[in-house]
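Written out below as structure tokens is the structure these notes cover.
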2 protein chains.
Amino acid sequence: MRAHGTDGGVAQAVFRRFNALRPLSDEDTAALEHAILEGLLRAGPGEDLITEGDRIDSVRLVLSGWLFRHKTLEDGRRQIVNFILPGETCDSHAYLLSTIDHSITAATPVAYADIKRVRFEQLMAANRTLAEAFMCETLLSSAIQREWVINLGRRAAFERVAHLFCEIFERLRPVGMVDGNSCALPVTQMDLADATGLSVVHLNRTIQELRASGLIVLKDRTLTISDLEALKNAAMYSPNYLQLYRAK
Amino acid sequence: MRAHGTDGGVAQAVFRRFNALRPLSDEDTAALEHAILEGLLRAGPGEDLITEGDRIDSVRLVLSGWLFRHKTLEDGRRQIVNFILPGETCDSHAYLLSTIDHSITAATPVAYADIKRVRFEQLMAANRTLAEAFMCETLLSSAIQREWVINLGRRAAFERVAHLFCEIFERLRPVGMVDGNSCALPVTQMDLADATGLSVVHLNRTIQELRASGLIVLKDRTLTISDLEALKNAAMYSPNYLQLYRAK
DNA sequence: CGTATCTTTGATACGAATCAACTATCGTGG
DNA sequence: CCACGATAGTTGATTCGTATCAAAGATACG
């Protein structure tokens, strides 16, 4: 059961991303596609894919839509610790842990593939390139997490939001989700506030500052970055943490 | 070449930690010990084990001493993104990535084992339990990283420092590095400030607040937690992110 | 014993949170 | 199709937490 033609079908973003991590042979691609097509699922905005405390027994690949990982304190303070974008993987290998320490919620309508643990382990055992690519996914998400730590710990609000926008843009680009200098930003300002550790009010003012500086246009859930280099400078953005694949 | 007796020898902390992740058979233990003893090395305080931008080709296990991972912005602002404590692993699998996005520096004299990539891959291929344990190490360090994101993003200074102290204590406990309700804290207040995203001055005042609340004693690089439950409450600490191993 | 590093204290400034409205947008049902 | 409530975005006023600046003690160190 092949997907339509050469565009990669429903899993195009996944293939693009994997190829950026490790070049896939036709055989690799076919094996991955097969596993994906066995477990296609959908979720609606606000729906939890994983809830803190769950045990999990599968790996999920996001075909389309945005999700976020988040943790909440007893008194309700919430922090989004990462976004999960098309082509990215939720918690590969995480079935090895007893329980999950955070929740994953769909921000938009989401299509994803659910690959059961046993199936996933077969795939990894049979195909070394895919195993390495999945491992890189895990390592990359750690690298992003580290960058978020310095973002929250050492960048001021203006830089922080600028940095988040640079990162999202650079993560969406390799999966073909940017159009010129624009990309979708299908989350509310409250979500952005919870991702940047700011209050909604201050986030709103910071975005207005970014607009006033002529760095971005944000309207109708679409982010346009007028001058990416200028935005990166403002954010002290250094992209090396995202481009971590080892050229063969 | 066995280590001395039943105490695990120089690598005692490593074995304790691995056993907490995955119970090791005698055979597992022997294989791991063998690999460790082949590559014993030392580093002094301030010495870099890994510098941002390096390519790496080995995995390191910390036998004794503290290190920290850190990232620095162009203008010198520094963020410690994690501590690496005895028994823990630096970047297992990270040789898959092209370059490393952060530096690792010794905070104290450190003894560690350097296992070359090829050797490490042999070990993983030959021993599934060890492979899973190393994978868990990677996943756990991600979980800690996520917790640090919420710590920096949503906890106030007092809670934040309290949380860090709870976490360090709970990470040192399973490797036998706590003594009653005390543990070593062999880092400067500047390091703690860079780990919590605070200024040194404010960190100092926060520690004094914690002392005044009777929650901790911190003197001569020794942290004593008078009432761990009270400290956890103050920090809104929930330990589940550290206890992630799946009972067999 | 003198110097560098680390810790502590005080005074002041500023960035971001909070509180309270108000406006705009979106979805939905009458 | 419009009215309505709910959700999202925006604005102003004020408070508070934390940074910054400056300097004094304390401690470690060669």
**trypsin sites (Lys or Arg not before Pro) within the stretch B:9-74: DSSP coil, no more than 16 neighbouring Cβ in 10 Å** = B:55
**Fill in**
Largest first and rounded to whole Å, the semi-axes √(5λ) derived from the alpha carbon gyration tensor of the stretch B:141-186 read 22, 13, 6
**Fill in**
Judged on accessible area alone, 1.4 Å probe, highest first, B:25, A:142 line up as B:25, A:142
**Item:** Helix A:200-212 vs. chain A, principal-axis angle (Cα, 0 to 90°, nearest 10)
**Value:** 80 degrees
**Item:** Alpha-carbon Rg with Dmax, taken over the stretch B:106-248, Å
**Value:** 17.2, 54
**Computed FRET value (nearest 0.05) for residue A:199 with residue A:40, which takes r as the C-beta separation and R₀ as 56 Å** = 0.90
**Asked** Taking the Cα centre of the stretch B:5-148 as the origin, how large is its charge dipole in debye, to the nearest 20, when only Lys and Arg (+1) and Asp and Glu (-1) carry charge on their Cβ atoms?
**Response** 180 debye
**Prompt:** Helix A:128-154 versus the longest principal axis of chain A: what angle, 0 to 90°, nearest 10, using Cα atoms?
**Reply:** 20 degrees
**Asked** Setting aside same-chain residues fewer than 8 positions from residue A:71, which aspartates and glutamates have a Cα under 19 Å from its Cα?
**Response** A:47, A:48, A:52, A:54, A:91, A:101, A:147, A:191, A:194, B:147, B:159, B:167
**Fill in**
Computed over all unlike Cα pairs, the Kirkwood hydrodynamic radius of the stretch B:169-248 in Å stands at 13.9 Å
**Message:** Give me the percent of accessible area attributable to carbon and sulfur for the protein assembly as shown, probe 1.4 angstrom.
**Reply:** 52 percent
**Rh by Kirkwood over Cα pairs, then Stokes-Einstein D for the stretch A:1-117 at 0.890 mPa s and 25 °C, µm²/s** = 165 µm²/s
**Request:** At 7 Å along the Cα-to-beta-carbon direction for both residue B:75 and residue A:211, put a label point, then send me their distance in nm to one decimal.
**Result:** 2.5 nm
**Message:** Can you list the residues in the stretch A:77-112 whose accessible area drops by at least 40 Å² when all protein chains are present, compared with the chain alone? Use a 1.4 Å probe, heavy atoms only.
**Reply:** A:77, A:79, A:96, A:97, A:98, A:101
**Prompt:** Of the residues B:193, B:106, B:125, which exhibits the maximal mean-square fluctuation in a Gaussian network model of chain B defined by a 10 Å Cα contact cut-off?
**Reply:** B:125
**Request:** Any chance you could check the Cα centroid distance between the stretch B:137-209 and the stretch B:42-65 for me, in angstrom?
**Result:** 21 Å
**Degrees between helix B:157-172 axis and first principal axis of chain B (Cα, 0 to 90, nearest 10)** = 30 degrees
**Request:** Could you work out the relative contact order of chain A, using alpha carbon pairs under 8 angstrom and six or more residues apart, expressed as a whole percent?
**Result:** 21 percent
**Fill in**
Out of B:198, B:174, B:129 - ranked by how far each Cα lies towards the positive end of the dipole of the stretch B:118-227, with unit charges on the beta-carbon of charged residues - the top one is B:198
**Request:** Could you go through the stretch A:105-122 in sequence order and give the Karplus-derived ³J(HN,Hα) for each residue, using 6.51 cos²θ - 1.76 cosθ + 1.60 with θ = phi - 60°, rounded to whole Hz, and x for Gly and Pro?
**Result:** 10, 6, 8, 9, x, 10, 10, 8, 10, 10, 10, 5, 3, 4, 4, 4, 5, 4
**Message:** Below 8 Å between Cα atoms, with a sequence gap of 6+, how large is the relative contact order for the stretch B:154-241 in percent?
**Reply:** 39 percent
**Prompt:** Over its Cα atoms, what ratio of radius of gyration to 2.2 N^0.38 Å does the protein assembly as shown give?
**Reply:** 0.96
**Request:** Would you mind putting B:112-119, A:92-99, A:46-53 in packing order, based on average other-beta-carbon counts within 10 Å, highest first?
**Result:** A:92-99, B:112-119, A:46-53
**Request:** Please work out the FRET efficiency for the pair residue B:179 and residue B:121, using the Cβ-Cβ distance as r and a Förster radius of 41 Å; give the result to the nearest 0.05.
**Result:** 0.60
**Message:** Counting heavy atoms of the protein chains only and a 1.4 Å probe, report the per residue accessible area for the protein assembly as shown as a whole number of Å².
**Reply:** 39 Å²
**the stretch B:1-138 - percent relative contact order, Cα under 8 Å, separation 6 or more** = 34 percent
**Fill in**
Given backbone amide H placed at 1.01 Å from N, residues whose amide H is under 5 Å from that of residue A:50, ignoring those fewer than 5 places away on the same chain, are A:104
**Item:** Nearest-first distances (nm) between copies at residue A:205, label 7 Å from Cα via Cβ
**Value:** 2.1
**Request:** For every other residue with a beta carbon closer than 13 angstrom to the beta carbon of residue A:92, add +1 if it is Lys or Arg and -1 if Asp or Glu, then tell me the sum.
**Result:** -2
**Item:** Computed helical MRE - 222 nm, the protein assembly as shown, DSSP H runs ≥ 4 contributing -39500 (n - 2.57), nearest 500
**Value:** -13500 deg cm²/dmol
**Prompt:** In the stretch A:182-248, with Lys and Arg counted as +1 and Asp and Glu as -1 at Cβ, which of these residues, A:184, A:217, A:207, has the Cα nearest the positive end of the dipole, that is, farthest along it?
**Reply:** A:184
**Request:** Please report, to one decimal in angstroms, the Kirkwood hydrodynamic radius of chain B built from all distinct Cα-Cα pairs.
**Result:** 18.7 Å
**Complete:** Given unit charges at Cβ for Lys, Arg (+) and Asp, Glu (-), the dipole magnitude of the protein assembly as shown about its Cα centre in debye, nearest 20, is 400 debye
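The values are calculated or read from the model by the stated rules, or taken from the named source; none is laboratory data. Here the structure is a predicted model, which is why all the values come from computation and not from measurement. Quick reminder, even Gly has a Cβ in these numbers, built from the backbone with ideal geometry, and neighbours come from all protein chains shown. With ligands, DNA and RNA removed, areas are computed over all heavy atoms of the protein, side chains included. Shrake-Rupley method; radii C 1.70, N 1.55, O 1.52, S 1.80 Å.
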